[in-house]
1. What is the gain in length, in nm to one decimal, between residue 5 and residue 28 on full extension, counting 0.36 nm per residue of separation less the C-alpha to C-alpha distance?
2. Quick one: length gained pulling residue 37 to residue 66 fully straight, 0.36 nm per residue minus the C-alpha distance?
Amino acid sequence: MSKVTTNKKLELVKAIRMQDQYNRQLFRSREGFLYSDEPLVKRGELYSLETEEKPVVPDEGKVFSSFRIRFVIAAVLLAAFILCDINHLDYAGETTDTIYGRLTRNVDIEELFTFQFDSE
């Protein structure tokens, strides 16, 4: 076996570091695909040789995601339910006990599709 020269070792270390940097950049780019809310104009992946990535800025500013809106609505409904339960309030003859009973009982599929109209 022949001995490996110092230059060959340095070239190997440089290649390993470049590959590691490439893998890290790929990982960051793929994380960006998964977790980013802002679309990117260009996603370069090759050894940081591409130009810097610049996010596209929406004209109206930050747009609320639907999750935040749904979360706020759910929190308001929960707070209203708890408030009505504590103060024993009812709405159109419905108390929190009847609403809770409807939420926890098992529902038949046929029952969901049958509509009953009151003639009163």
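1. 4.8 nm
2. Separation in residues times 0.36 nm, less the Cα-Cα distance, equals 9.2 nm.
Here, each number is a calculation from the coordinates, and none is a lab measurement. The shown structure was predicted, so the numbers you read here are calculated from the model rather than taken from an experiment.
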